[in-house]
Structures are given as C-alpha cells and as structure tokens.
C-alpha cells in the first residue's frame, strides 16, 4: 500500500455544492482511495469508497466495525492535526455497536418500534402537513426548509417520543448545534448536555407514570422478559432517535421539491399520476441522498476493494451519494426520472445497520410531497436554484433554505 494520500476537503464550498463531479472522478479510478479528509476542523487519514457494488458490500461487511470505542481509538491514531472532533458518541447506541450487542439492541428496539406504531403516525403526519399548508398564502414566498421540510419531521419525532409540543423547538435547536460542523466545541457540549438532561427528565417522567402514555419511550420502558434495556441503553436509544430521527426526512422533502422545481416535466408527471409518488420518493432518495456519507467505520481486518487492500486498523467512509449515482448500477444516474425503478439505492444504508426509521421517512416524504403537489398546482423558485446553498455538513446532504412561491392556480 502506498503511504501517499491526496487531500480532499469534503467541507469546501465547491464540494458541498456539487460533490458528484468529485465522486465521478473517484469512481472512474475504481476501488478505494486513501485520503487526508479535511473535516471538523481537523484532518484524518481515511479511505473513501465510492462505487455502488463496493459500497453495498462493505456496508454489510462485518470486518468493518462501527463500535464506538474501536472507531474512537482509530481516529486518534489517524489524526493529521488536532481539531474540535465530532462530538459525543454513545457506546450504548445500536448505531455505534457491532454484533452481538447491536443484534440485541436492534431486536429490543424493534419490539417497540413496530410497523403498527409507524402506521399509527399517519393521521398526525397528514394533520400537521395540512395545517402547515393551510397557513401558506397563495403566491406567498416561504422558505420551504423552515416552514415545511424541518417542521413536519420534528413534530412527528416529538409525538413519537411523547415530547410535549412546546418542546419541539428545543429538539430542533439542539440537533442543529450537535450536527453543525461550524458549532464550537463548547457550544456543542452545552447542546449535548442540555438534550441529555432533557431526555433523562422525560424518561423519568414516563417511568413514574407507567401506562399513562402511548409513545415510544413508554413502550421501550415497558418491554418485558428476561432481557430489557438498561437505563444507559434507554438514554442512548432515545438520544439517537431524538437527534437523528428527522434529519434525513427533512432533507428528503426539501431535496425532492428542489429536484421537481429543477425538472418541471417530472413535476407534471407526478401531478397527472399521483400513484407514481411512492416510486418517485425512491428516486429522490437515490438522486440526492439525504446522507452524503455513511457514519464512520474502522477495519477490524484487512479488506480488499477492487485492486486495493485496506489494512486492519484504518478508517473508512462510504459515499452513499456517490454509490447512488454509479452508472454501473443506475443508467444515466445524473438524470432525474420519477418513473425509474430506483429500488436498491443505499440512501438508508444496507445490511444490519440499514436505517430502522426508513419506513417512517418514506411515509412522511410521500404524504408531504403528495399534499404539496395536490394543493399547489403551481410552484416557482424565488431564487436561482443554482445559487442556493447546500448545508455545510460532512454527513448530511440538504439545503440551507429553499425559497419558493406556491400558488393554488396553475399557469
């Protein structure tokens, strides 16, 4: 293995605005590329995997560990320079664990987070969506990210967890600070502690009033049998859902609207054929993956990618956005086609860490995008689309804002 590594700034404006040119060049080289990845105020020696087949295989490869302690140790070894770091990682979370711990945590979570519970949220998703759209005056300019795309998912997650609606704004602000790469370490720590204390208080209240509520926290607390969540696991699981459970959905909604504004012919297809919306949601997820990169992994053993061998003890990022634009898997990948059979994309990952909230995100995307198309026959961008800023984030792919004018009359 060559020790040389090129340097890529995954937080440069050029990259965040359009990562696909860089990804295309990397895919053409094949395999995996060793980089000095500039991120989070520091630099890391890490490998980036960009091709679809390699990405899908490695997402399910047990030789790539997500264990929080192992990843943390590997980060320390491969730091190029000191930086603010990526914030707290809970070793009790199923997101940052390997089997058998991950298997147990996900099984327990699945007992409470059932499809019945997901489907029971449909009326609330429809209600909050219709209420928000009722408040939009025809022809009024709104920021769709702020008014719709962020507000619906945070309301859904809040209700799912049993958070009083007066506290939904706090959830949103804590998440913004925790996931923002431009948030200082002190501010990030304060947000982490504030959200953690809130969760502790919320869990304690649910525990003290057993049977009072029908929400996910209560269901997690009421699991019975010989194996249940520990107190630390409950807190980590709720923290994960609260602070990461709505970001992908918000990006799916806003990026979907952005794509349709940029492709009016596809917008018209959906207006004329609303039955196409579920498939269109899959295409939006493929075309503009809400998660640009997978969460960080480290190699527990050597792994071969193409002609390249990644040794044990290395950091690996998997570029979900690149894999979903791989022409070897999706013909004409840079073309939006709402009639495309886009299933098989890796927007929600693959393997044992496939996003457990994917069915809920899909439901929200279908309901919100369907309501927008039905209630507002005319959409207009209120700013040049190519001048809008994409979020300054390593992991998430979403717009900072999306100014639009929605009208109830067609041209």
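Descriptive notes on the structure:
- When the residues of the range 376-386 are filtered to those that are at pLDDT 95 or above and out of contact with any strand residue (DSSP E or B) (no Cβ under 8 Å at 6 or more places or on another chain), the one that is farthest from residue 124 (Cα to Cα) is 384.
- From the options 126, 135, 140, 173, residue that is out of contact with any strand residue (DSSP E or B) (no Cβ under 8 Å at 6 or more places or on another chain), surrounded by fewer than 18 Cβ atoms within 10 Å (Cβ to Cβ), in contact (Cβ under 8 Å) with a residue 60 or more places away in the chain and closer than 30 Å to residue 379 by Cα: 126
- Those helices (runs of 4 or more DSSP H) lying entirely in the range 86-146 with at least 2 residues more than 30 Å from residue 372 (Cβ to Cβ) and within 20 Å of the chain's Cα centre (by Cα): 101-112
- Qualifying residue in the range 207-217 (condition: in a helix (DSSP H, G or I), without any contact (Cβ under 8 Å) to a residue 24 or more places away in the chain and under 24 Å from residue 360 (Cβ atoms)): no
- Long-range neighbours under 8 Å by Cβ, at least six apart or interchain, first residue on the phi > 0 side of the Ramachandran plot and surrounded by fewer than 20 Cβ atoms within 10 Å (Cβ to Cβ) within the range 227-256, second assigned to a helix (DSSP H, G or I) and modelled with pLDDT of 90 or more: none
- The number of residues in the range 160-170 being farther than 28 Å from residue 114 by Cβ and surrounded by 13 or more Cβ atoms within 10 Å (Cβ to Cβ) comes to 0.
Let's see how each residue does on (1) in a helix (DSSP H, G or I); (2) closer than 29 Å to residue 10 by Cα; (3) in contact with a helix residue (DSSP H, G or I) (Cβ under 7 Å, 6 or more places away or on another chain):
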{"site": "352", "(1), (2), (3)": "yes, yes, yes"}
{"site": "367", "(1), (2), (3)": "yes, no, yes"}
{"site": "386", "(1), (2), (3)": "yes, yes, no"}
{"site": "392", "(1), (2), (3)": "no, yes, yes"}
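- Considering 204, 191, the condition of being modelled with pLDDT under 90 and either farther than 23 Å from residue 399 by Cβ or surrounded by 15 or more Cβ atoms within 10 Å (Cβ to Cβ) (or both) is satisfied by 191 alone.
- Residue satisfying condition, being closer than 24 Å to residue 343 by Cβ and modelled with pLDDT under 95, within set 233, 247: 247
- Residue within the range 396-404 that is at pLDDT below 95, in a strand (DSSP E or B) and touching a helix residue (DSSP H, G or I) at 6+ places or on another chain (Cβ under 8 Å) present: yes
- Highlighted here are the helices (runs of 4 or more DSSP H) found entirely within the range 6-70 that include at least 2 residues which are touching a helix residue (DSSP H, G or I) at 6+ places or on another chain (Cβ under 7 Å): 20-29, 52-59.
The values are calculated or read from the model by the stated rules, or taken from the named source; none is laboratory data. A quick note: this is a predicted structure, and the numbers were derived from the prediction, not measured. Glycine gets a Cβ as well: all are built from the backbone with ideal geometry, and neighbour counts include every protein chain shown.
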